[in-house]
Amino acid sequence: QVQLVESGGGLVQAGGSLRLSCAASGRIFSINDMGWYRQAPGKQRELVVVVSSGGRTNYADSVKGRFTIFRDNANKMVYLQMNSLKPEDTAVYYCYANLLLTRLSVSSDYWGQGTQVTVSS
């Protein structure tokens, strides 16, 4: 069973910081992209940031300069450091990974269960 498990969400005041963690577990041959998406009530899930296996990042314009992604390939972990949080950052944050489970398989997208981030004003 391959799983992505997030942690670190919570309630924080505007201007504060949170650090989200995501651990990939199970039988995984290799990891391609990893990252974070978020979904606010009544809105579509949107990209926050992704990082490729080579370290290339793609941040949403709304979080550039405030959020930083860290990838720990050895431990199959990805982190999201969120600084200068704004109320509009309030959403359920989902860990994402594109995984190759076996040498001969096709890579697939996997999602965590989500962790709530609430930013109060």
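For the chain, carbon and sulfur atoms together expose 46% of the accessible surface, with a 1.4 angstrom probe and every protein chain in place.
Of all DSSP beta bridges confined to the chain, the antiparallel ones make up roughly 90%. Projecting the Cα atoms of Q3, S121, Q13 onto the charge dipole of the chain (Cβ charges, centred on the Cα centre) puts Q3 farthest toward the positive pole.
Over the range 25-90, calculate the relative contact order: mean separation of alpha carbon pairs under 8 Å at least 6 apart, over the residue count, as a percent. Walk me through the numbers on the way to the answer.
Values: 79 pairs, mean separation 15.8, N = 66.
Value for the range 25-90: 24 percent.
Using only alpha carbon pairs under 8 Å that are at least six residues apart, calculate the relative contact order of the chain and give it in whole percent.
Values: 307 pairs, mean separation 44.2, N = 121.
Rounded, it is 36 percent for the chain.
What the range 27-82 shows is 57 Å² of accessible area per residue, with the surface traced by a 1.4 Å probe over protein heavy atoms.
The values are calculated or read from the model by the stated rules, or taken from the named source; none is laboratory data. Remember, it's a predicted structure, so these values are computed and weren't measured experimentally. Please note: Cβ atoms are built from the backbone with ideal geometry, for glycine as well, and neighbour counts cover all protein chains shown. Accessible surface areas use protein heavy atoms only, side chains included; no ligands, DNA or RNA. Shrake-Rupley method; radii C 1.70, N 1.55, O 1.52, S 1.80 Å.
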